[in-house]
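Asks: Quick one: the structure is below, and I'll ask about it shortly.
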Amino acid sequence: MGENIVDTERTTAPRLSRDAILDVALSLIDERGLNELSMRHLGKALGVEAMSLYRYVNGREDLLEGVVDRLMRGLTDALLVAEDNGWQRYLQVVAHEVRRIAIEHPKAFPLVATRHPAAPWLRPPLRSVEVVEHFLTAMIGFGFDDEQAVRAYRSFSSFLLGNLLLEAAVRGAETAPVEEPLDEGGAAIGQGDAEKELADTPHVQRLRGLLSRDRSEDEFEESLEALLDRLDRQLSQ
């Protein structure tokens, strides 16, 4: 009994914070899967009433976006480390960092893929304006022109998403959409997301037209051709 009292005291309101809520939400998803996440379960794990959480998270959308941000928190740091080592090394670091997230949190990783990105013309898993701005800045700094930088972003995102969603599924992720809405615990909370300002991301703002262009069919054919070429090289070795 004494041990339970200590645990409850550690998770009462004075120690409650947005980061603590997101950490526990991620832990619940890792343990039980996204379908089992609810405000009531989350409050119970934190030792508080579900309604207490709404001082820190503004309902379902905000909670899930916060979990995605929590997952991707280390990516920007990895980008900064990689930017001085050539474009091939840069892409390798980004790919392995995103894969690390998928391996460590396979049940949560589909959120990165299925939650809508900061803008409709961006792509998961490199889905935040800040990350895309850094990616485009790096590619242009490595000598890519605008068109080449955007094509690199799009094809690289598709590569990551296809491979890592499959790997997450093998590791137990539910890749189908969640059918039941997250239990809000009786709170009347809006689910709209705020629009992202682009003033501090000049490359994303300038290249928005290229980023918005639908090249899905071309990219599919190019990826298929690259796969066939690689298999042909392997067969002739």
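Asks: List, please: which pairs have Cβ atoms under 7 Å, are six or more places apart or on different chains, and start with a residue in segment 146-167 that is in a helix (DSSP H, G or I) and end with one that is among the charged types (D, E, K, R) and open to solvent by 60 Å² or more (accessible area, probe 1.4 Å)?
Replies: Final answer for the pair search is L164/R99.
This table checks each residue for (1) surrounded by fewer than 12 Cβ atoms within 10 Å (Cβ to Cβ); (2) β-branched (V, I, T); (3) modelled with pLDDT of 90 or more.
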position	(1), (2), (3)
H134	no, no, yes
D145	yes, no, yes
N163	no, no, no
L166	no, no, no
D200	yes, no, no
H203	no, no, yes
S223	no, no, no
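Asks: Only residues in segment 33-45 that are closer than 22 Å to V170 by Cβ count as the first member; pair them with residues that are open to solvent by 70 Å² or more (accessible area, probe 1.4 Å), Cβ under 6 angstrom, at least 6 apart or cross-chain, and list the lot.
Replies: From residues that are closer than 22 Å to V170 by Cβ, the pairs are G33/E174.
Asks: From G2, G43, G59, grab the single residue that is in contact with an Asp or Glu (Cβ under 8 Å, 6 or more places away or on another chain) and modelled with pLDDT under 90.
Replies: Going through G2, G43, G59 in turn, just one is in contact with an Asp or Glu (Cβ under 8 Å, 6 or more places away or on another chain) and modelled with pLDDT under 90: G59.
The values are calculated or read from the model by the stated rules, or taken from the named source; none is laboratory data. What you are looking at is a predicted structure, and each value in this text was computed from that prediction instead of being measured. Quick reminder, even Gly has a Cβ in these numbers, built from the backbone with ideal geometry, and neighbours come from all protein chains shown. All accessible areas refer to the heavy atoms of the entire protein, side chains included, with ligands and DNA or RNA removed. Shrake-Rupley method; radii C 1.70, N 1.55, O 1.52, S 1.80 Å.
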